[in-house]
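Report on one structure; see the data block that follows.
The values are calculated or read from the model by the stated rules, or taken from the named source; none is laboratory data. Every value quoted in this text rests on a predicted model; they were computed, and no experiment measured them. Neighbour counts are summed over all protein chains in view; Cβ atoms, including those assigned to glycine, are modelled from backbone coordinates with ideal geometry.
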Number of protein chains: 4
Amino acid sequence: MDARNHDGLNQEPWLWPTQVWQQKLNRVRAGKALKPGKWKGNARLAVALSFDSDHETSELRNGGVSFGRMSQGQYGARSGMPRILRILEKYAVPASFFMPAVSAMIHPEEAAMIVAAGHELGMHSWIHESNSRLDESTERELALRAASTLEHLSGIRPVGMRTASWDFTPSTLKIAREMGLLYDSSLMADDEPYELLEDGEPTGIVEIPVEWIRDDSAYLAMDRTVGARPYGAPLMILDIFRRELELAYDEGGLFQLTMHPHQIGHRSRIFILEEIIRLAHSKPDVWFATHAELAAYCANEAGLAAASKAPS
Amino acid sequence: MDARNHDGLNQEPWLWPTQVWQQKLNRVRAGKALKPGKWKGNARLAVALSFDSDHETSELRNGGVSFGRMSQGQYGARSGMPRILRILEKYAVPASFFMPAVSAMIHPEEAAMIVAAGHELGMHSWIHESNSRLDESTERELALRAASTLEHLSGIRPVGMRTASWDFTPSTLKIAREMGLLYDSSLMADDEPYELLEDGEPTGIVEIPVEWIRDDSAYLAMDRTVGARPYGAPLMILDIFRRELELAYDEGGLFQLTMHPHQIGHRSRIFILEEIIRLAHSKPDVWFATHAELAAYCANEAGLAAASKAPS
Amino acid sequence: MDARNHDGLNQEPWLWPTQVWQQKLNRVRAGKALKPGKWKGNARLAVALSFDSDHETSELRNGGVSFGRMSQGQYGARSGMPRILRILEKYAVPASFFMPAVSAMIHPEEAAMIVAAGHELGMHSWIHESNSRLDESTERELALRAASTLEHLSGIRPVGMRTASWDFTPSTLKIAREMGLLYDSSLMADDEPYELLEDGEPTGIVEIPVEWIRDDSAYLAMDRTVGARPYGAPLMILDIFRRELELAYDEGGLFQLTMHPHQIGHRSRIFILEEIIRLAHSKPDVWFATHAELAAYCANEAGLAAASKAPS
Amino acid sequence: MDARNHDGLNQEPWLWPTQVWQQKLNRVRAGKALKPGKWKGNARLAVALSFDSDHETSELRNGGVSFGRMSQGQYGARSGMPRILRILEKYAVPASFFMPAVSAMIHPEEAAMIVAAGHELGMHSWIHESNSRLDESTERELALRAASTLEHLSGIRPVGMRTASWDFTPSTLKIAREMGLLYDSSLMADDEPYELLEDGEPTGIVEIPVEWIRDDSAYLAMDRTVGARPYGAPLMILDIFRRELELAYDEGGLFQLTMHPHQIGHRSRIFILEEIIRLAHSKPDVWFATHAELAAYCANEAGLAAASKAPS
């Protein structure tokens, strides 16, 4: 159990009094639905593509001891990113790149290229650390340092974040509010954007929800210590993403996708990205947006205070 | 090995005298087959759909420390349930919803809506606790409290239960008998309903058997600590469920299915539920029943005393 | 490392002197190829179907603490076996059933039915114990008791064995020789039968090789403690078995298959068995044999002494 | 964390000063791209097939305690290799076989046959040991002994190596340089060959990159202790390899493949190898090369000093 178990009770969950589980339940929770009547430009479908550009930090965070995994990370920057950027350019669609600060320091030209091409550069931790192993002050300090580093390297201060490994602690939302962020993209309570509640109170922060279902790593990552292998057939992944997109269209909703350059960027997988973009493009009424544009639009439509934090 | 290993012998199983393994074998076991000559209304196929509405309790039971997993649970209630209820309504088929009491307390409107729509609300533990970690009196107390909570919230006292994680202890059957339940749905000794034996004696309790094969979670759940990933292709799951259903039809039997709102309720998966219902509907002689209706019918046909406990 | 590591050296393998790894290598090893020029009746293809009828012993061996897993075992006997026996009868093909002695004691009518239908009943441990956790005298005693139990229940003394979990110890071959067995079916050094060598010396014992590739459990077994789930699509399993069979036919060889009643016996899987039998039946020149018949034929063709141990 | 963590700092990675992660990052890293304008003979596609002929050493390295796994290793040599060599001969394509020295000592006729057929025999450790468990002097001694053993058995001194399990230590590159090797094939930073950097300095050593995506074991290996099972459908593996090859052709690049005789050599899998070769053969402008020929060509085109180490 978490070292930061904040209730001070050392009981088995089935012995908890009601207020204990209620407090846990309400610490961070989905509130007001932020799906607008229509998306920008009267679009029926919103598409928000994102890439977590972890590169070598996935292994550095583990101590940097495996040169094999370090080389897989370098592949993301060296071979994966050029293929991804070429496809985004070909179809002229924007995307959000969430980059650990150390990854951006290793690849400053990548951070610059992302911004120059009109994409969003979002926060994604310092070195892909697991937030739940940090105390609050360390988590805050790393978050502030990450924001400053990205701003320094790209010239633009990030307005949103995605926690590394989607590891969201009891302090994460508090820190995001202190930093005046527009949005987070790490939680999974809905298919559509929503406002985050903290202890039951509206925060004005927009959540752009993610899901393992719409994450390439869930199918493709290899982990020798457990049985995780690249068992996800490329055509199965395309089929799943396509079904998520088609029903989003039917519902007039959002299709959000999380990918990793060192996973989707491979020769046998990159077609998945292109096919999904082609499918969305084939719809007459689609809006491709960065996560920041999407969050700002939702906040604005719903009259949230956060709308003012949107990038110009 | 289980702390409640009830034989008092500390031997390796290959050194056990015969009566030791016989006693274990007979503690809880499938008895009399309860498949009737014909299903209700002269139907050839019985279809019993069920949903385990665990929602946030899957994570609360683990201590409630991951906001990511908590948000996945909330998804079940917020996004999954509306899709499921819409499909059941569209085809006018009843289903059984097994709900931990804490889940019903978090979502009382859901519990009420289930009953109002004519579906069954069944017991499914207090907070999704693992029974085998409890002593008998704790298991009993939680079961009684769960039944009262569901009755209080829905106005109907549940007549059946499904153990959380299908974790059935040496005390579970005893408690179910004390509570006068009509049926359990946690064991796997047959495709068709059967009477449970306790230490070789008929209990009058009907078992509606489940199987991982007919459980969406077996294919779709993600567990980072082991290699479990959403590797189950949606079309593979449909193919497996379809084959189970087709042979049930050929045999004039029962097709039972277990699903979870936070799994099957997703955009890329919900079609599986609809396709299975459409397939069953296309048969000229199908009976869609709640688990309670099914158990009552079987008990009645076989002349079990439990038949009198059936809901009116 | 194995407690019975029999070299007395406590070194890392890369520091071993040559004779250490040579001794390990030669302890039990594939020798003379026993594939005959033609199979019985001038057939081009030999088909040896087998079923490990573990039933409840898989769980009893673990202490018999999970009623869920115990009920899955009972399913094998109660629901799986009738489907299997019906298909074997429909196509009039013989098979070998490897049954732990305790499983045969729980289901004596099954053991009798197998023999009455002309199938083979082979040894498969006492209670599905892991041989490598036993000392030699315990392994011997359990093997002898298992053989006597099967003989007592079926009237025929088994001539072959399959170790539970294919767990073959340094003593297993020695015990098989002492018992005068015709064959073993637990190892994987070839697609075709071969003679086993012990410390480099021919033993006269025939090995009918198995493989996880041709084992239903490798694709279908569910193990919650690791990431093993029923991810094996039924059509994928059929495709793999079919390819194994087709190339066996091309090579004029043996197609051997291992199944489990509680796995293959399910409604969504039983078609795999029927389709494989239909495919083999469609060949003009196929010989369906029990493992014992196959081993005896190979031993006889090769002039092994073991041929005299063949069942009449 | 690695016992040989060479920075002397005992800090969590997120507390590291910049120079710590920079030093780790640069220890071994991809440098100059070595993809030539055209492949040999003006080819558009280079195909480099490789087989890791581990055979029994995979199990000997673990202590040699499981006769089952040992027999699976023997299968590679006894049944897998003949099928592989036949296909390579049928299409007249060369390949590289990476063989642990102990595997070559167990199967000297295989080592000789490989070289006689015009294939390459490359280094692949002493007994498939994990380099990261060795100190530098042991790693060096085993590497030197492995090279001498292969040279003694085949008459040709190897010019390249692949680390067992792609386990590359901080000493591995240093030892390869001392040995004057032409190339390594264990890392994954690109699809195309590149020059390895050591602490930021060019080494002249060519890296022929591998990937789990193009490794049969990632899909097919069975590991009971984790959930790894042979879940990789043969047709999925072919589809993935085919997509890797097709895009390599589109990009005018290299298609490199890693296989294992005891995996790909099975009846249900060997068609994958043949289909991939047929597909490549169907291209009008393909160059099939051993890893050594490929590395020498790249080194020569780029004017690396290593070019002089190429085999004549």
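The table below gives the values:
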read-out	value
Given (1) more than 11 Å from every other protein chain (Cβ to nearest Cβ); (2) of a type outside the set (S, T, N, Q); (3) over 17 Å from the mean Cα position of the chain (by Cα), number of the condition B:Asp223 does not satisfy	(1)
Exclusive hit being at pLDDT below 95 and aliphatic (A, V, I, L, M), set D:Val47, D:Val28, D:Val65, D:Val20	D:Val65
Within segment A:193-223, tally of residues that are in contact with a Gly (Cβ under 7 Å, 6 or more places away or on another chain) and in contact (Cβ under 8 Å) with a residue 60 or more places away in the chain	5
Qualifying strands (runs of 3 or more DSSP E) (wholly inside segment A:116-228; at least 1 residues being over 25 Å from D:Trp14 (Cα atoms))	A:194-198, A:201-207
Residue in segment A:147-161 that is of a type in the set (Lys, Arg) and in contact with a His (Cβ under 6 Å, 6 or more places away or on another chain) present	no
Of all residues making up segment C:115-134, the number that are under 19 Å from C:His55 (Cα atoms) and surrounded by 20 or more Cβ atoms within 10 Å (Cβ to Cβ)	12
Qualifying residues in segment C:214-251 (those that are of a type in the set (Gly, Ala, Ser) and touching a Leu at 6+ places or on another chain (Cβ under 7 Å)) - the one farthest from A:Ala233 (Cα to Cα)	C:Ala248
Criterion violated by C:Trp126 - all others in (1) farther than 15 Å from C:Pro261 by Cα; (2) more than 15 Å from the chain's Cα centre (by Cα); (3) free of Cβ contacts under 8 Å to residues at least 40 places away in the same chain satisfied	(2)
Matching residues, segment A:225-266, being at pLDDT below 95 and more than 30 Å from D:Thr225 (Cβ to Cβ)	none
Some residue of segment D:232-240 being away from every other protein chain (no Cβ under 13 Å), closer than 30 Å to C:Leu254 by Cβ and surrounded by fewer than 23 Cβ atoms within 10 Å (Cβ to Cβ)	no
Top-ranked residue of segment A:95-115 - restricted to ones that are of a type outside the set (A, V, I, L, M, F, W, C) and outside any loop (DSSP other than H, G, I, E, B), ranked as nearest to D:Asn26 (Cα to Cα)	A:Ser103
Residues within segment B:64-79 that are small (Gly, Ala, Ser), within 19 Å of A:Pro193 (Cβ to Cβ), crowded, with 24+ Cβ neighbours inside 10 Å and free of Cβ contacts under 8 Å to residues at least 40 places away in the same chain, tallied	1
Any hit, segment A:236-252, residues being touching a residue at least 12 places away in the same chain (Cβ under 8 Å) and not in a helix (DSSP H, G or I)	yes
Given (1) in contact with a Pro (Cβ under 8 Å, 6 or more places away or on another chain); (2) assigned to a loop (DSSP other than H, G, I, E, B); (3) at pLDDT 95 or above, number of the condition B:Arg4 does not satisfy	(3)
Residue within segment C:48-62 that is within 11 Å of chain B (Cβ to nearest Cβ), assigned to a loop (DSSP other than H, G, I, E, B) and closer than 26 Å to B:Glu192 by Cα present	yes
Criterion (within 14 Å of chain A (Cβ to nearest Cβ), within 20 Å of the chain's Cα centre (by Cα) and in contact (Cβ under 8 Å) with a residue 40 or more places away in the chain) met by exactly one of B:His262, B:His291	B:His262
Residue list for segment A:241-259, filter: more than 11 Å from chain B (Cβ to nearest Cβ) and out of contact with any helix residue (DSSP H, G or I) (no Cβ under 9 Å at 6 or more places or on another chain)	A:Gly252
So A:Met70, is it in contact with a Leu (Cβ under 8 Å, 6 or more places away or on another chain) and either polar (S, T, N, Q) or at pLDDT 95 or above (or both)	yes
Hey, C:Glu198 within 13 Å of another protein chain (Cβ to nearest Cβ), acidic (Asp, Glu) and more than 30 Å from C:Thr169 (Cβ to Cβ) or not	no
Total residues in segment C:135-154, condition surrounded by 17 or more Cβ atoms within 10 Å (Cβ to Cβ) and farther than 22 Å from B:Gln19 by Cβ	5
Qualifying residue in segment B:80-97 (condition: surrounded by fewer than 20 Cβ atoms within 10 Å (Cβ to Cβ), more than 30 Å from B:Ala46 (Cβ to Cβ) and either more than 8 Å from chain A (Cβ to nearest Cβ) or of a type in the set (Lys, Arg) (or both))	no
Output for segment B:144-171, where each listed residue is within 14 Å of the chain's Cα centre (by Cα) and more than 23 Å from B:Ile114 (Cα to Cα)	B:Asp167, B:Phe168
Scope segment D:80-107; condition in contact (Cβ under 8 Å) with a residue 60 or more places away in the chain and among the small types (Gly, Ala, Ser); matching residues	D:Gly80, D:Ala95, D:Ser96
Hits in segment C:175-192 (condition: out of contact with any Pro (no Cβ under 6 Å at 6 or more places or on another chain) and either more than 9 Å from every other protein chain (Cβ to nearest Cβ) or free of Cβ contacts under 8 Å to residues at least 60 places away in the same chain (or both))	C:Ile175, C:Ala176, C:Arg177, C:Glu178, C:Met179, C:Gly180, C:Leu181, C:Leu182, C:Tyr183, C:Asp184, C:Ser185, C:Ser186
Segment C:214-231 - residue that is of a type in the set (A, V, I, L, M) and surrounded by fewer than 22 Cβ atoms within 10 Å (Cβ to Cβ) and, of those, farthest from B:Phe241 (Cα to Cα)	C:Val226
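Residues are listed down the side, and each one gets a yes or a no for (1) modelled with pLDDT of 95 or more; (2) farther than 22 Å from D:Asp190 by Cβ:
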| residue | (1), (2) |
| --- | --- |
| A:Ser79 | yes, no |
| A:Arg86 | yes, no |
| A:Lys90 | yes, yes |
| A:Ser96 | yes, yes |
| A:Ala104 | yes, no |
| A:Leu153 | yes, yes |
| A:Ser165 | no, yes |
